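The values are calculated or read from the model by the stated rules, or taken from the named source; none is laboratory data. What you see is a predicted model, and the numbers here were worked out from it, not measured in a lab. No Cβ is skipped: glycine too gets one built from the backbone with ideal geometry, and neighbour counts run over all protein chains shown. Heavy atoms of the whole protein, side chains included, go into the accessibility calculation; ligands, DNA and RNA do not. Shrake-Rupley method; radii C 1.70, N 1.55, O 1.52, S 1.80 Å.
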Amino acid sequence: MRNELPRRLGLFSAIAVLVGSTIGSGIFRSPAVIADRLPGPLPMLSVWVAGGLLALCGALTLAEVAGAYPRTGGLFVFIREGWGRLPAFLFGWSELVLIRAASLGAISTTFAEYFFRAIGREPGVAPYDDYVHYLAAIAIIVTAAFNYVGVRWGALVQNLTTVAKYGGLLFIVLFALAVGLPEGTANFTPAVPPGSFTISAFGLALVSVLWAFDGWADLSFVAGEVKDPRRNVPRALILGVTSVIVIYLLANVAYLAIFPIDQLRQSPRIAADDAMQLIGTAGVVFVGVTVMLSTFGTLNGTLLTSPRIFFAMADDGLFFRKVAAVHPRYETPYVAIAMTAALGVIFVLFRTFEQLADTFVTAIVPFYALAVASVFTLRKRANWDPPFRTPLYPIVPLLFVLATIFILVNAIADPTSRWPTVAVLGIILVGVPVYYFTVGKRAAGNTPEDLGRV
């Protein structure tokens with residue numbers, strides 16, 4: 001790599017990046033959507049278990065690949081090493097035009113909604129429905145500023161908000177379970193009401209669950225800044241994902257302990273409604289602050305990790321060279337950070353949470369599959385010597401890839417999601433001619449060494 005970023009993230013900070021990037025808006029926003037698609041306690045909880053196992057399969061596989069390639073750019077590097085420059089470019093193209101801006105927009109929207117709920121204003125009613133977009137844009141700009149001035153500042157904010165959000169969510173969960181059970185056990189029966197489960201609905205609900213679990217791969221983007229990466233990156237991936245699975249399952253059980261499924265499916269801000277039911281207005285304020293810390297931390301984590309994708313692309317000759325610039329004083333990829341934040345602001349000003357979240361998941365899952373599947377090609381190399389090997393190989397990565405194919409095929413087959421899914425995939429494929437008319441054309445006569453592999 002021609003431009004180096006210093007290794008300043010220890011194991012705890014690495015875990016905080018993963019947990020902080022994952023626990024954000026999804027666990028507070030997605031349960032209502034999932035309950036609406038699977039209106040039964042057992043179907044609803046089963047899709048959360050499936051999503052957690054899927055994320056764990058991905059993390060166990062990426063722990064092997066990331067241990068061997070602990071470099072800035074994460075998935076971009078894995079896809080390039082496993083499948084070549086065109087698929088890697090398509091990942092970066094999709095991150096640029098769809099994925100990252102949609103992610104920032106959805107997370108910051110939840111931050112803004114809970115802010116207004118905490119101060120006693122309804123975010124779905126005018127004029128606050130407009131104010132949500134403006135406050136969300138400001139949140140993106142502020143978190144970008146933290147990461148612009150140094151990875152230590154970004155990591156400090158990440159560590160503090162991760163501890164606060166995990167602790168706050170755990171308090172909400174334990175309090176809800178203590179108060180809601182055993183009387184709330186009636187909400188768990190019947191376990192599978194008639195019509196509460198279909199394969200198609202399960203697939204669509206899994207998309208929303210994956211939104212809530214997204215962030216488990218973000219640590220790989222800053223692997224080039226983790227100390228002792230061959231040891232710490234695999235450990236952080238596994239420990240971080242496991243801790244998220246535990247708190248998510250507990251949270252959903254807690255929600256059901258307070259509200260029956262029919263009421264849960266009509267509550268887009270379930271954590272606040274939970275608190276109102278248990279404690280009253282003070283509880284809503286506490287939950288609002290917890291969710292704000294949670295989503296602010298996730299925003300910070302996203303702006304700590306995702307600009308490294310564009311940095312790695314530019315350093316590899318697949319994007320404008322200026323984007324690989326390192327700030328002379330702060331030692332951060334400042335151009336990449338500013339560009340990522342600007343795209344997020346544009347998206348959040350014009351799109352709703354649901355539009356942003358669905359766009360993100362549809363666009364990212366094919367590349368998660370490619371990154372995970374890279375282990376199949378990389379293991380064929382004679383010099384392959386990672387510090388960690390995926391357990392139950394090849395079953396674990398294969399399950400992840402097959403589940404991804406199911407999600408995409410199901411989304412195209414379902415009439416309600418068919419055309420938005422096709423549109424997102426079409427935008428990704430537009431990157432093919434873009435590649436051949438730009439960097440691919442320049443690369444035609446060069447060797448990989450000439451192109452400066454990271």
Looking at the stretch 42-64, is at least one residue over 30 Å from residue 199 (Cα atoms) and assigned to a helix (DSSP H, G or I)? yes
Just to verify a result, which residue in the stretch 262-282, among those that are open to solvent by less than 70 Å² (accessible area, probe 1.4 Å) and acidic (Asp, Glu), is nearest to residue 170 (Cα to Cα)? 274
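Yes/no per residue for (1) crowded, with 19+ Cβ neighbours inside 10 Å; (2) in contact with a strand residue (DSSP E or B) (Cβ under 7 Å, 6 or more places away or on another chain); (3) more than 23 Å from residue 21 (Cβ to Cβ):
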| residue | (1), (2), (3) |
| --- | --- |
| 249 | no, no, no |
| 284 | yes, no, yes |
| 290 | yes, no, no |
| 312 | yes, no, no |
| 320 | no, no, yes |
| 324 | yes, no, no |
| 333 | yes, no, no |
| 342 | no, no, no |
Filtering helices (runs of 4 or more DSSP H) wholly in the stretch 261-310 for at least 2 residues that are in contact (Cβ under 8 Å) with a residue 40 or more places away in the chain and among the polar types (S, T, N, Q) gives 281-305
Determine whether the stretch 209-224 contains at least one residue that is outside any helix (DSSP H, G or I), farther than 30 Å from residue 303 by Cβ and touching a residue at least 60 places away in the same chain (Cβ under 8 Å). no
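Quick check, is residue 390 farther than 30 Å from residue 234 by Cβ, touching a residue at least 24 places away in the same chain (Cβ under 8 Å) and either outside any helix (DSSP H, G or I) or open to solvent by less than 60 Å² (accessible area, probe 1.4 Å) (or both)?
Taking the combined requirement at face value, the residue does not satisfy it.
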Is there a residue in the stretch 156-166 that is of a type in the set (A, V, I, L, M), in a helix (DSSP H, G or I) and open to solvent by less than 10 Å² (accessible area, probe 1.4 Å)? no
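What residue, of 35, 55, is over 15 Å from residue 241 (Cβ atoms) and in contact with a helix residue (DSSP H, G or I) (Cβ under 6 Å, 6 or more places away or on another chain)? Before the answer, list the steps.
Numbers: 55 fails: over 15 Å from residue 241 (Cβ atoms).
Answer to the check: 35.
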The stretch 367-386, residues that are open to solvent by less than 60 Å² (accessible area, probe 1.4 Å) and either in contact with an Asp or Glu (Cβ under 8 Å, 6 or more places away or on another chain) or over 28 Å from residue 431 (Cα atoms) (or both): 374, 375, 378, 384, 386
Qualifying residue in the stretch 24-33 (condition: modelled with pLDDT under 85, out of contact with any His (no Cβ under 9 Å at 6 or more places or on another chain), on the phi > 0 side of the Ramachandran plot and in a loop (DSSP other than H, G, I, E, B)): no
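Using the structure shown, decide if residue 61 is farther than 30 Å from residue 273 by Cα, among the polar types (S, T, N, Q) and at pLDDT below 90.
On the way: farther than 30 Å from residue 273 by Cα: yes; among the polar types (S, T, N, Q): yes; at pLDDT below 90: no.
For residue 61, the condition - farther than 30 Å from residue 273 by Cα, among the polar types (S, T, N, Q) and at pLDDT below 90 - is not met.
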Filter pass, residue 186 being part of a helix (DSSP H, G or I) and either more than 20 Å from the chain's Cα centre (by Cα) or free of Cβ contacts under 8 Å to residues at least 40 places away in the same chain (or both): yes
Could you check the stretch 129-184 and list, in sequence order, the residues that are charged (D, E, K, R) and modelled with pLDDT of 80 or more? 129, 130
Checked 113, 64, 122 against criteria (open to solvent by 10 Å² or more (accessible area, probe 1.4 Å), touching a residue at least 12 places away in the same chain (Cβ under 8 Å) and farther than 24 Å from residue 424 by Cα); the one match is 113
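Is at least one residue of the stretch 77-92 among the small types (Gly, Ala, Ser), in a helix (DSSP H, G or I) and without any contact (Cβ under 8 Å) to a residue 40 or more places away in the chain?
First pass over the stretch 77-92, keeping only residues among the small types (Gly, Ala, Ser): 82, 84, 88, 92.
Filter once more, so that each one left must be in a helix (DSSP H, G or I): 82, 88, 92.
Those still in the list that are without any contact (Cβ under 8 Å) to a residue 40 or more places away in the chain too: none.
Within the stretch 77-92, not a single residue is among the small types (Gly, Ala, Ser), in a helix (DSSP H, G or I) and without any contact (Cβ under 8 Å) to a residue 40 or more places away in the chain.
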